[in-house]
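The values are calculated or read from the model by the stated rules, or taken from the named source; none is laboratory data. Quick caveat: nothing in here was measured; it's all calculated off a predicted structure. For neighbour counting, all protein chains shown are included, and Cβ atoms are generated from backbone atoms with ideal geometry for every residue, glycine included.
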Amino acid sequence: MPSSLDQQHYETVIIGAGMAGLAAGIRLALAGKNVIILERHNASGGLNSFYSQAGRKFDVGLHAMTNYVPKGTKGTPLTKLLRQLRIPYDALDLSPQNCSQIHFPDCQLGFNNEFAFFEAEVARAFPKQIDGFLALAEEVRALDAFNLGSMPSSARTAVQRHISDSLLEDMIFCPVMYYGSAQEHDMDYGQFAIMFRSLFFEGFARPLDGVRVIVKLLQDKYRSLGGIRKMKCGIQKIHTSGDRATTIKLDNGASISADKIISTAGAVETARLCTDQPVDAESDNIGQLSFTETITVLDKQPTDFGWDDTIIFFNTAERFRYARIEDDLVDPSSGVICFPNNYQYGEDRQLNEGFLRVTAMANHDKWCALNEDDYLAQKSHWYEELQKVTLSLLPKPKKNLNFEDHRIAKDMFTPRTVRKYTGHLNGAIYGAPNKIKDGRTHLQNLYLAGTDQGFLGIVGAMLSGISMANLHVLQGD
């Protein structure tokens, strides 16, 4: 395969070196295709990447890799993608979670990587709803959620066929939505089923060294196959003729061509790159949901404080509201608390420092309208506000440990950060609300993969890249 852009034509160009783009690249390179991945930034991973600050590595995106199953489990998304990419299970270095919970004012439900435990928790807290819950679980298990031709339908309506208690309904939707819904208030039932399975039937795991283990694994595999990846190489325009993309103009002014293009930039963002589309193309499908996240570094392990859970999905309001916040910068009434230390890494394996991550919904437009001084001031303010909410939900620290006395570093990213590093309009982490399951666009040789194709999470993103490469490039050969 060529080693530079000196060769200006490729069988396939992949836009974006996130999980979907890298997986698609590996799949095509395995088939001997002449493929190149173009990435605007200097780091791979997309939504799930990492950065360094004062010598520390901070994950972005990854709280947990969902879809976890033990080695040897057959017929699951994780084992499917590893087979398709010819990557050994052990290379992921996955450690399962301890236990997580859904924390609402009047009720808490625990869950782990054994569905029977979650089932028992629902039976304990909602004895009158358990039959309906089990019927829902069986329906979700049987649903052909990965059918690329299925029509969207309401997950709320489907759940309400089985669950009559609005509190249990909200508690089920809280983690499922926070880990994969681009739609406000509701989500497509197929996507709900995919996320329900990945969180509750399968589960959470994490490599000790975080997302960079997965990113490096994919990069190394792609490179070993001769695949080309060009960083700091953004796309200005996709030139079109008739119903086909013809050439791609890069930010540096160079142009390349391809038989086929797979874009992981997003449905709206990809459409607006095309010269045959207006500048405001697909304006009715722009995601509205963005998030902020605080990261705190401690000189003790979370378990030293008595904080044993891996992830806590919380809601402090009377009803769980999953929608764009309009009147403030951050909505602290619900969110996700994550302790990356609290995985079963094994004896003599543990992160050297304690980490606490807190995610909440945020308003992209308000954050981006701030001048630099106000932006920094608001980051400081909302960091403290989110810590207050978090500490009010967590057990009182053991031995009267003072949280602030043991905080040694902190950081925070906002919707402005998300937009800068993902390119998603509105800083919409989960992209457009209306997904394109078959990945087709208005052009015959331009396809979508990743977030806006609709398979979410790290495993879902990789499966999206694999599926679109198989369907649109390899099956036609």
For a quick check of your reading: which helices (runs of 4 or more DSSP H) sit entirely within the stretch 366-477 and have at least 1 residues that are under 18 Å from L28 (Cα atoms)?
457-469
Looking only at the stretch 407-457, filter to residues that are aliphatic (A, V, I, L, M) and crowded, with 24+ Cβ neighbours inside 10 Å; which one of those is modelled with the lowest pLDDT?
L456
Note down all Cβ pairs under 7 Å where the first residue falls in the stretch 335-346 and is surrounded by 22 or more Cβ atoms within 10 Å (Cβ to Cβ), the second is among the aromatic types (F, W, Y) and not in a strand (DSSP E or B), and they're at least six residues apart or on different chains.
F339/W307
Count of the stretch 204-245 residues which are closer than 23 Å to G457 by Cβ and among the β-branched types (V, I, T)
4
Just give me the residues in the stretch 278-298 being in a loop (DSSP other than H, G, I, E, B) and either touching a residue at least 60 places away in the same chain (Cβ under 8 Å) or β-branched (V, I, T) (or both), in sequence order.
V279, E282, I286, G287, Q288, L289
Could you figure out which of (1) over 30 Å from G354 (Cβ atoms); (2) touching a residue at least 24 places away in the same chain (Cβ under 8 Å); (3) acidic (D, E) isn't true of E139?
(2)
Suppose we keep only residues that are buried (at least 19 other Cβ atoms within 10 Å of the Cβ) and out of contact with any Ser or Thr (no Cβ under 7 Å at 6 or more places or on another chain) within the stretch 175-187. Which one would you say is nearest to N48 (Cα to Cα)?
G180
Hey, can you tell me all the residues within the stretch 225-245 that are over 21 Å from R272 (Cα atoms) and aliphatic (A, V, I, L, M)?
L225, I228, M231
I'd like the full set of residues that are at pLDDT below 80 and aliphatic (A, V, I, L, M), limited to the stretch 36-53.
L47
Residue match in the stretch 241-254 (condition: assigned to a strand (DSSP E or B), buried (at least 23 other Cβ atoms within 10 Å of the Cβ) and out of contact with any helix residue (DSSP H, G or I) (no Cβ under 9 Å at 6 or more places or on another chain))
yes
Got at least one residue in the stretch 332-343 being of a type in the set (V, I, T), more than 20 Å from the chain's Cα centre (by Cα) and at negative phi?
no
Which pairs turn up if I take residues in the stretch 166-180 that are farther than 16 Å from V140 by Cα and look for partners that are acidic (D, E) with beta carbon separation below 7 Å, at least 6 apart in sequence or on another chain?
none
Single unsatisfied condition, Q129 versus (1) touching a Ser or Thr at 6+ places or on another chain (Cβ under 8 Å); (2) assigned to a loop (DSSP other than H, G, I, E, B)
(2)
Output the number of the condition that Q191 fails; it satisfies all remaining conditions of (1) part of a helix (DSSP H, G or I); (2) in contact with a Lys or Arg (Cβ under 9 Å, 6 or more places away or on another chain); (3) at pLDDT below 95; (4) surrounded by fewer than 24 Cβ atoms within 10 Å (Cβ to Cβ).
(4)
